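This report concerns only the one structure given below.
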């Protein structure tokens, strides 16, 4: 088992009102040349936690830190105009804490 010292949280950079499902995110990562989704967990706006890469596998989410971290991504991160914003829903916030 690898040693994990960091949990790195990302947003999917998806505007409010636009959906990016777990499967869509996975497909996009594969289209970009990854072998699978780069994150270990993906949290949709309804708070559902989807498992991505197994924890024992190195992620592809933060250059120079993948070996010792887990990657968590939440759907959202941009307001309706495409400007960075904290768009986490209460369900996503609860899932991130969990």
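Read-outs: derived from the displayed coordinates by stated rules, not from any lab. Predicted, not measured: the structure shown is a model, and the values here were computed from it. Cβ sites come from the backbone with ideal geometry, for glycine too, and all protein chains shown count toward neighbours.
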### Task
Examine segment 19-35 for a residue that is surrounded by 18 or more Cβ atoms within 10 Å (Cβ to Cβ) and touching a helix residue (DSSP H, G or I) at 6+ places or on another chain (Cβ under 6 Å), and state whether such a residue exists.
no
### Summary
Of the residues in segment 49-90, those that are within 15 Å of the chain's Cα centre (by Cα), loosely packed, with under 15 Cβ neighbours inside 10 Å and over 22 Å from residue 33 (Cβ atoms) number 2
### Query
Any chance segment 63-76 includes a residue that's part of a helix (DSSP H, G or I) and without any contact (Cβ under 8 Å) to a residue 24 or more places away in the chain?
yes
### Task
Name the single residue, out of those in segment 36-48 being closer than 17 Å to residue 13 by Cβ and touching a helix residue (DSSP H, G or I) at 6+ places or on another chain (Cβ under 7 Å), that is surrounded by the most Cβ atoms within 10 Å (Cβ to Cβ).
43
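Identify, please: which residue in segment 17-43 is touching a strand residue (DSSP E or B) at 6+ places or on another chain (Cβ under 7 Å) and assigned to a loop (DSSP other than H, G, I, E, B) and is, among those, farthest from residue 90 (Cα to Cα)?
Top of the filtered list is 38.
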